[in-house]
Structures are given as structure tokens and as C-alpha cells.
Amino acid sequence: MTSSEALEVIHPEPSLFGSPIRFFQNVTGNKNLIFNFIRRDVRIKYRNSILGYIWTVLQPLLLAGVYYFVFTIIASGTEELYPIWVLIGVITWQFFSRSLNGSITSISRNSGMIKLIYFPREIFAITTVGSNLVTTAMSLLVVIPFILYYELSFGIHFLYLAAGLLISAVLALGLGLMLAPLNAVHGDIAHLFQFITKAGFFLSPVMWTLRMIPEGRGGLADYVFLNPMVVPLEMMRCGLDGTDLGITNFWIGYSIVFALASFFIGAIIFTKTESKAVKYI
């Protein structure tokens, strides 16, 4: 028996429907450890930076400024609220892509700790999403001056912000749990999804919005909605400017069900395969 095998606690493989239950038990039973890991990850991210946490606001602001310049100067865009639309789009997509890609590599990145001691390995993916949620919450502070400048109202529509982030988080975590064991065996998965999230940046309404689709191409929206990130991105925008979401209940339900299904399937796949996958790291 190797040292890693001696340290690992052997758990019986859960049933199909028992997998999500064991997943939640592992999370609730280790919530203090998760909070400590989240705190650690946020501190490490800006540990050797002069500006520190200011980068959580500065980075999306600078990136959105570049896209605003391209749209307004080069493409001659005229949308008045475009600066705040693209800013919230960039913040939301960065949260989703970092959470997804980080969750996919959660096993391989923590191979050293996994080999030393056993504890529920889904904690690494949850920590990734949690730490990105904290930095995203700080990044959202940058929209306050825009809200004041455009004289946007504060109201109950702000709940759309929480809904958009929640759907994005559940979707990223679900897909990450689904793919993390496979990536531990085949590292190409991480490289593939880094490309997919970069391509998705342009294919999703990050630099553009649904209201910018020409009227003559209204049917295009039906295909756009197949992307489960469309609804949360639009929710984030409507949460700021207070405009009507303008999305049918069918597509809202589709996005929510897609995220929840991804999470439950991801929890099942992860709990049934992670013990085999860690042998390859």
C-alpha cells in the first residue's frame, strides 16, 4: 500500500441519487474549511501586488474601456448606456469563465494536497467559485459611479444582479464538477475550455445586447438563447438600468433548468469518478 493510499479514507461508492446527497453533506460538513480556503485564495491572488484589491475594480474597468473605444470610435456606436452594459457584461463573463476553468482544473491544481491527506475533493471546485464570487462582488463596486452619472434608479430590479450571478455560479460549478475528473486524466480538457470560454465571450451578449439585434433578424435570438449564459448576462444588465428583461419565461426557465441539471449531473459524475481520477495526477 502506498503512502497516499494509507492516508485516504475509503468511502463506499454512492448510488446514483445518493451522489448529490453525499455532495451536500460534504459541503455542509466542511463549510468552515471552505470559507478558510476562499479567504486564502482571495489573499493569494493579490498578495504580491502593489495595488492589491484595487485590481478587482481596475481590471474590468480598463478592459471595458477598450471595448467601449472600439465600439464608439471605430464602429461608430450610439447606444447611450453601452459603457455600463459592456462593463457589467465583462464582469459577469470573467466571473463565469474563471469559475468554470478553475473548477475544471481543481483536482489537477491541488494534486499535492490531495496526495497528502483525504478530504472531500469537491471543496476545491466550490472554493474556486466562492473566491471568484467574492472578487466579483468587489468588482461590481465600479458600476456605482456609472449609476450616479446616468441617474439610474435604485430599486427591486437590483435583485436581477443576484439572480444573474447565482445562475452563472451554479452553471460554472456544475460544468466544472462534470469535467474536473476527466481533466485529471486528460489535461487537454482544460486547454479546450479555455478556448471555448474565449470564443464564448464574443458569441455571448458581453459586448453586445439582445436589444442591439436588428429587427429584421429577430429569429436569430431564438438560437442565441440556446446559450445558457444569455439570460444571466441580460439579468445583470437589467438589474442595473432597471429596464424590462424582455425575455420569455420559457427561456428564463431553460437557463435555470440547464444550470441546475448541470449541477446535479456534475455532482453525480464527480462523486462517482473523482476517486479513480486522482490516481492519474
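The values are calculated or read from the model by the stated rules, or taken from the named source; none is laboratory data. Predicted, not measured: the structure shown is a model, and the values here were computed from it. Here the Cβ is made from the backbone with ideal geometry for all residues, glycine too, and neighbour counts use every protein chain on show.
For segment 259-281, filtering for residues that are out of contact with any helix residue (DSSP H, G or I) (no Cβ under 7 Å at 6 or more places or on another chain) and either modelled with pLDDT of 90 or more or exposed (fewer than 15 other Cβ atoms within 10 Å of the Cβ) (or both) leaves 3.
Quick grid of which residues meet (1) over 11 Å from the mean Cα position of the chain (by Cα); (2) modelled with pLDDT of 85 or more; (3) farther than 27 Å from Ile265 by Cβ:
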{"position": "Ser111", "(1), (2), (3)": "yes, yes, no"}
{"position": "Val129", "(1), (2), (3)": "no, yes, no"}
{"position": "Leu140", "(1), (2), (3)": "yes, yes, yes"}
{"position": "Pro145", "(1), (2), (3)": "yes, no, yes"}
{"position": "Ala172", "(1), (2), (3)": "no, yes, no"}
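Going residue by residue through segment 158-170, is there one that turns out to be over 19 Å from Tyr82 (Cα atoms), of a type in the set (S, T, N, Q) and in contact (Cβ under 8 Å) with a residue 60 or more places away in the chain? Yes, segment 158-170 contains a residue that is over 19 Å from Tyr82 (Cα atoms), of a type in the set (S, T, N, Q) and in contact (Cβ under 8 Å) with a residue 60 or more places away in the chain. Of the listed requirements (1) part of a loop (DSSP other than H, G, I, E, B); (2) touching a residue at least 12 places away in the same chain (Cβ under 8 Å); (3) surrounded by 15 or more Cβ atoms within 10 Å (Cβ to Cβ), Trp208 misses just one: (2).
Take the conditions closer than 20 Å to Ser204 by Cα, of a type outside the set (Asp, Glu), modelled with pLDDT under 85 and surrounded by 19 or more Cβ atoms within 10 Å (Cβ to Cβ) and apply them to Phe96. Does it pass?
no
Residues that are assigned to a helix (DSSP H, G or I) and within 14 Å of Ile88 (Cα to Cα): does segment 187-202 have at least one? Yes, segment 187-202 has at least one match.
Among the conditions (1) of a type outside the set (S, T, N, Q); (2) more than 24 Å from Leu173 (Cβ to Cβ); (3) surrounded by fewer than 18 Cβ atoms within 10 Å (Cβ to Cβ); (4) at pLDDT 80 or above, Leu58 misses just one, which is (4).
The rows are residues; the columns are (1) modelled with pLDDT of 75 or more; (2) farther than 24 Å from Lys276 by Cα; (3) exposed (fewer than 12 other Cβ atoms within 10 Å of the Cβ).
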{"position": "Ile21", "(1), (2), (3)": "yes, no, no"}
{"position": "Thr28", "(1), (2), (3)": "yes, no, yes"}
{"position": "Leu51", "(1), (2), (3)": "no, yes, yes"}
{"position": "Ile54", "(1), (2), (3)": "yes, yes, no"}
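Annotation: Met235 fulfils all but one of (1) modelled with pLDDT of 90 or more; (2) surrounded by fewer than 21 Cβ atoms within 10 Å (Cβ to Cβ); the unmet one is (2).
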